[in-house]
Structure formats: structure tokens, C-alpha cells
Amino acid sequence: MFSILADRTYRHLFLAQVVALLGTGLATVALGLLAYDLAGDNAALVLGTVFTIKMVAYVGIAPIAGAFADRVNRRKLLVTLDLVRAFAAVCLPFVTEVWQVYSLIFLLQSASAAFTPTFQATIPDVLPEEDRYTRALSLSRLAYDLENIVSPTLAALLLAVMASGTLFLGTAVGFVASALLVVSVALPSPKATQPRGIYDRTTRGIRIYLATPRLRGLLGMNVAVASAGAMVLVNSVIRVRSQLGLDDSALAWTLFAFGFGSMVTAIILPRVLDRMPDRPVMLAGAVLMIGALVALVCAIIGFGLYWPLLLVVWFVVGVGYSAVQTPSGRLLRRSAHAEDCPALFAAQFALSHACWLVSYPLSGWLMTAFGTIPALLVLSMLSTAGLVAALRLWPSCDPVEVAHTHENLPLDHPHLRGHRHHSHALVIDDAHPRWGSQF
């Protein structure tokens, strides 16, 4: 898996992702402390609003940014967005009002909403071979999981020798380092084949997404992941601190179990995907997540909640989580031309975060209003609904090449080459406006 780091361009992009993630992790810790300094006992409300602003920016900004990503040089765009994020981070230690925090977070997360899908869409252009791209996806998943472990540790070490506000400077350094790494390599920037209107560009990614069966199935997978993942990320603190009466260290180990399961899967997944299609791997991951949550319900009813049991269940959920998340980039790359990839990755970014925007508050509300077992059952059912939708929307027979006939183009059109009936890898575009065998 690590052999792809021999590619200089990808190596610099991967390192850019790592340092930016570390900076973001420091900001997460610093934001909690800043919220407490500004709002005291209302810090949870402030943080809840911050996370809501983050999701709204992701859902609203990503499709718009994706629409214009093919109009500018990708390297310049990524560097500019990194510098915008660094500017917002540098300003955060100096705020004195909560509304200033909200404004700067919206600026930072809007830049991230434009940066992340554009960055993700660049990787398959740098690594066009599917086996190498698969390993890049696994490395990316590994980087996210390691960030969840390394960033809090690094923050704790830094807080021992400096004030909490200076963590934001570490965040800015991470973004500046990311910009320097990106600017140090040449990046491909596929251009649109023809000019398009604003509406067409803004909605193109989502229209391609919703017209492609495998991606409609991916949307169901997004629902399953968000439902199971929210149960872990939102409610672990209640289980560990209130129900089990354990300390902060136990909470860290509980979340580590989830991340460790995800990391183990990310490491072994490239070899699995060399031998198996994406669909059964992703469906198996969803089944694992749902089965783990249902098993936890049965165990709590049977003999109560114990910490070792929770660690095992969260590890299994992490395994399933990574098995669903990691291959998704392969589906996206397979479903669009190079010039449409930024818009399609932006659509995935927005739609997946829309699922989290629902599951985050739902998970917290269920746990607060009804308790552990009802929350587990409802989110398990919601995750199951996503799995069932994926099974129905994503056919088990999903060939790369599809034989089809064109009645929508003149016979002398360059795409036809004099033959209305032909076969090739089918993606939604102007010549193929819908999925099927006849146009």
C-alpha cells in the first residue's frame, strides 16, 4: 500500500492532507476551550452551533464550488483555499464575541467545502490506475483515523507549554504547510469540453450522481454510515462517563477502538478489493455495522452494559465503517469523465454530509429523550433502511461497459462514428443523459 508514496506528486498531496488534518484536529480541541472561555456553561450550545454551521457550509457550498472547479487552475485554487483557512485560524485566538467565532468558522468550513472535493477529485487524475488509486483511498482513510488519535495527543502536549489560543496558530501552520506542499507539484486540471450555464454547472454533479444506479446505492450507504457512525461519535461520552462511570481516558480508548477497527480495515482493504468487487465489500461493511449495534442491544437487555463489550462493538462498527467509506472514491471515479469529477466529488461531499446533518442531532435527541436502547434501535433501523435502499438501487450486475443505442444523435456525430449501436463504459454526460440501453 505504501509503495504509491514513491510517486512524488501523490506523496506531496498525501503529506498535504496529513498536515492539514493535524491542524484541523488541533482546531477542534481549541474550539472547545474557546467556547468555554466565551460562553461558560453554554459552551455546549456554542459548539453545537459551530458543528451545525460546518455541516451547512459543507452541504451548501460544496456543489457550488464543484461547479467552478474546472474553470480555474486546480493548484492555484487549492493553495488559495488553504491560505483562506489559515487566515481564519489565525483570527480565531483574537475573537471576543461568539458571533465572531460563528463568522470565522463559516469562512473556514466554506473553504474546506471547496477544498476537500477538489482535492479528492485530483487524486484519480494523478493515479489513473485503479489498483494504485485504491491504495491511495486506503491511505487517505488511514490518515483520517490516525488524525483522531494523534491530534488530541499533540494538543495535550502543546497545552502543557502554551495557552489554548495558540493551538489555532498550529492549525494555521498546518494549512500553510499544506499550501506549500501543493504548490510544489504540478497538478492536472481537466477542462470542460464546452461552456455551460451557471445552473447546469451547479447541478451537474448531483444530476450525474442521482442518474447513476451505483451512486444512488452509494447514497443509501451514506445513510447507513451516518446513522451507525453518529451513534458512536455523539453518544459514546454518555455511555462511558454517565452510564459506566469511567474517566476521560476511558472515553479516549473507547473512540480509539472505533478508529482502530477502521484503520485495520483500511490497511487490508486494497488486497480485498483486488479480488472482490466494491458492492459486496461495501454491503458487508454495512451489515457489520448494523449487526454490531443490534448485538449491543441484545447484550444490554441480557446482562447490562460493560466497557469491554462496548470496545469490541465499537471496533466492529469501525471495521464496517471503513469497508463502506474507503471504496466510495472508486465508484465516483468510475461514474464520470475527468472534467466532471470535481462536480461529482462535490455532490458526494454534500449529500454524505447532509446525512450526517440529520443523524448527528437525531442521535443526541434520541439518547437524551429515550435512552440507550431506543437510540440504538432507531439508528439501527435507519441504517438498515439505507442498506435496503442500496440493495434496491444498486443492481448486483453493474457492468463497466454497457451496450446501447443512440437515437438522440445524428449519425454523423463524432461519438457514433457511423454506428448508432455500440458498447463502452457508460457514464452520464450530454450524449448519455440517463442510464439505460437507449437514448
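For TYR102 and VAL388, FRET efficiency with R0 = 41 Å and r from the beta-carbon atoms, rounded to 0.05? About 0.60, to the nearest 0.05. Sorted largest first, the principal axis extents computed over the alpha-carbon atoms of the range 278-346 equal 55, 19, 13 Å.
Could you state the number of Å between the C-alpha centres of the range 337-362 and the range 370-433? Here the two parts' Cα centres lie 17 Å apart.
Summing charges over all other residues whose Cβ lies under 12 Å from the Cβ of LEU393, with Lys and Arg as +1 and Asp and Glu as -1, gives +3. Put a dot 7 Å past the Cα of ALA299, heading toward its Cβ, do the same for PHE370, and the two dots end up 2.2 nm apart. Relative to the current alpha-carbon distance between HIS421 and ARG11, full extension at 0.36 nm per residue lengthens the span by 143.3 nm.
Determine, from the Cβ-Cβ distance of ASP37 and VAL161 and an R0 of 30 Å, the FRET efficiency 1/(1 + (r/R0)^6), rounded to the nearest 0.05. Calculated transfer efficiency: 0.95. Across the alpha-carbon atoms of the range 282-397, the computed radius of gyration and Dmax are 16.5, 55 angstrom.
Taking the C-alpha atoms only, the angle from helix 74-91 to the longest principal axis of the chain is near 20 degrees. Considering helices alone, the calculated mean residue ellipticity of the chain at 222 nm is -26000 deg cm²/dmol, with DSSP H runs of length four and up weighted by -39500 (n - 2.57) and normalised per residue.
Assuming R0 = 35 Å, can you tell me the calculated FRET efficiency for the pair GLU401 and SER3, based on Cβ-Cβ distance, to the nearest 0.05? Approximately 0.75, to the nearest 0.05.
Which angle between 0 and 90 degrees, to the nearest 10, do you get for helix 213-237 versus the longest principal axis of the chain when only C-alpha atoms count? Taking the Cα atoms of the chain, the angle to 213-237 is about 10 degrees.
Rounded to the nearest 20 debye, the dipole magnitude of the chain is 600 debye, with +1 charges on Lys and Arg beta carbons, -1 on Asp and Glu beta carbons, and the Cα centre as origin.
For the range 296-335, count all C-alpha to C-alpha pairs, find those more than 16 Å apart, and express that count as a whole percent of the total. Across the range 296-335, Cα pairs with separations above 16 Å total 52 percent.
Bear in mind that the values in this text are calculations on the coordinates, not laboratory data. From a predicted model like this one, the values you see are computed outputs, not experimental measurements. Cβ coordinates were reconstructed from backbone atoms using ideal geometry, including for glycine residues, and neighbour counts include every protein chain displayed.
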